[in-house]
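Notes to accompany the following structure.
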């Protein structure tokens, strides 16, 4: 759990960590879509390797045992009968890998959108279970005969709940947002810059599932209605693909939209749970920064700092502000970082916040003085000087190294021990990696 006097997410105490249900769903969703994105990069590289190998094998075989002639665009291969079957196998293998390079990214894009659908269904289920009055206006009905077959009223209620969620998810993605805006009294798409991008992604997914990627009039109409920007030259009858650049942008869009949607619904439906919502958001965006996903962290933190009207504490708001500035700095925008920090009077804040301001402003002498004042038992711990991205540049300064040695009585040497917390397959031995730099 994140404490108010911390600047970023520390290692949680397993006994204290009790993520609220929506927070757990946001974490699960992010893990799923990030794993899909990572898999694509690895599989594309692997496919390129084996595809190149298959192409080379075919070319070498034809050079050695075939007579290949070209007349315009027509290609003729003359081959001995005893070599024909081997040549045919090489041709098929080459074609299969070429086709896989087209179909795999499509399949993973479909999986991305499926993760959005699954996430929305689980979040709506949480809300309906904790606020069943929302379903009072449901048009789902059960005949007396059907009702009598349920073992209990709870079972009948579960049936209605599932049917309601199923009905929502079967509607278009634009209709889903319209339903949520009406039901929860929210403006979800107003000011949402990625909305047109999201609609195009979901409509492209529909093409891959239903028309093998061939652009339909429906795709054109829906994208036009939501101001979605189409690729140059796309028209009805065109065939859409998924480039690596498109997939990366789609992953970021869906990740960003689902985190925003989850937090808006969480804070609207359960305002008394704001402390957990703040902690979850800080934890999530901290991990993005720590993993180098600065653009995504910026988009989410911009949203939080401008759209979240209430926070559980001033400290939580300051933490998000600092991490927002840090994300910009890590992304190479020093000016934006400084402008964000200058908008707040840090002189009346705690030493940990003053230290963050000094470090982000590259005021190393001030940072050293604050570090001494915080000492070895203050709000910034020894471990956090090692871990936090906030101190990435600060750790390179001589004044940091000397101050650290003075405070903790030892030289600053990074010793990172990482051990898998999750169970490994039976065939894989669990190991401990030690890195010293």
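The values are calculated or read from the model by the stated rules, or taken from the named source; none is laboratory data. The model shown is predicted, which means the values in this text are computed figures rather than measured ones. Note: ideal-geometry Cβ built from the backbone for every residue, glycine included; neighbour counts use all protein chains shown.
Here are the numbers for the structure shown:
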{"item": "Residue list for the range 170-203, restricted to those being part of a helix (DSSP H, G or I), touching a residue at least 12 places away in the same chain (Cβ under 8 Å) and in contact with a helix residue (DSSP H, G or I) (Cβ under 7 Å, 6 or more places away or on another chain)", "result": "173, 174, 176, 183, 184, 197, 198, 199, 200, 201, 202, 203"}
{"item": "Residue 314 vs. criteria under 29 Å from residue 265 (Cα atoms) and surrounded by fewer than 21 Cβ atoms within 10 Å (Cβ to Cβ)", "result": "yes"}
{"item": "One residue from 280, 295, 250, 347 being in contact (Cβ under 8 Å) with a residue 12 or more places away in the chain and either in contact with a strand residue (DSSP E or B) (Cβ under 9 Å, 6 or more places away or on another chain) or surrounded by fewer than 16 Cβ atoms within 10 Å (Cβ to Cβ) (or both)", "result": "295"}
{"item": "Residue check for residue 146: modelled with pLDDT under 75 and either within 25 Å of residue 108 (Cβ to Cβ) or part of a helix (DSSP H, G or I) (or both)", "result": "yes"}
{"item": "Helices (runs of 4 or more DSSP H) fully within the range 317-419 counting 1 or more residues that are at pLDDT below 95, out of contact with any helix residue (DSSP H, G or I) (no Cβ under 9 Å at 6 or more places or on another chain) and closer than 26 Å to residue 276 by Cβ", "result": "382-387"}
{"item": "Per-region count, the range 226-245, residues free of Cβ contacts under 8 Å to residues at least 40 places away in the same chain, within 30 Å of residue 304 (Cβ to Cβ) and surrounded by fewer than 17 Cβ atoms within 10 Å (Cβ to Cβ)", "result": "3"}
{"item": "Close pairs from the range 302-313: first closer than 18 Å to residue 288 by Cβ, partner loosely packed, with under 13 Cβ neighbours inside 10 Å and modelled with pLDDT under 90, Cβ under 9 Å, at least 6 apart", "result": "307/191"}
{"item": "Condition met for residue 181 (surrounded by fewer than 16 Cβ atoms within 10 Å (Cβ to Cβ) and under 17 Å from residue 123 (Cβ atoms))", "result": "yes"}
{"item": "Residues of the range 204-225 satisfying the condition of being within 22 Å of the chain's Cα centre (by Cα) and either in a loop (DSSP other than H, G, I, E, B) or free of Cβ contacts under 8 Å to residues at least 12 places away in the same chain (or both)", "result": "none"}
{"item": "Some residue of the range 10-18 being at pLDDT below 80 and part of a helix (DSSP H, G or I)", "result": "no"}
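Let's see how each residue does on (1) part of a helix (DSSP H, G or I); (2) within 30 Å of residue 249 (Cα to Cα); (3) modelled with pLDDT of 80 or more:
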{"position": "57", "(1), (2), (3)": "yes, no, yes"}
{"position": "88", "(1), (2), (3)": "yes, no, yes"}
{"position": "98", "(1), (2), (3)": "yes, yes, no"}
{"position": "107", "(1), (2), (3)": "yes, yes, yes"}
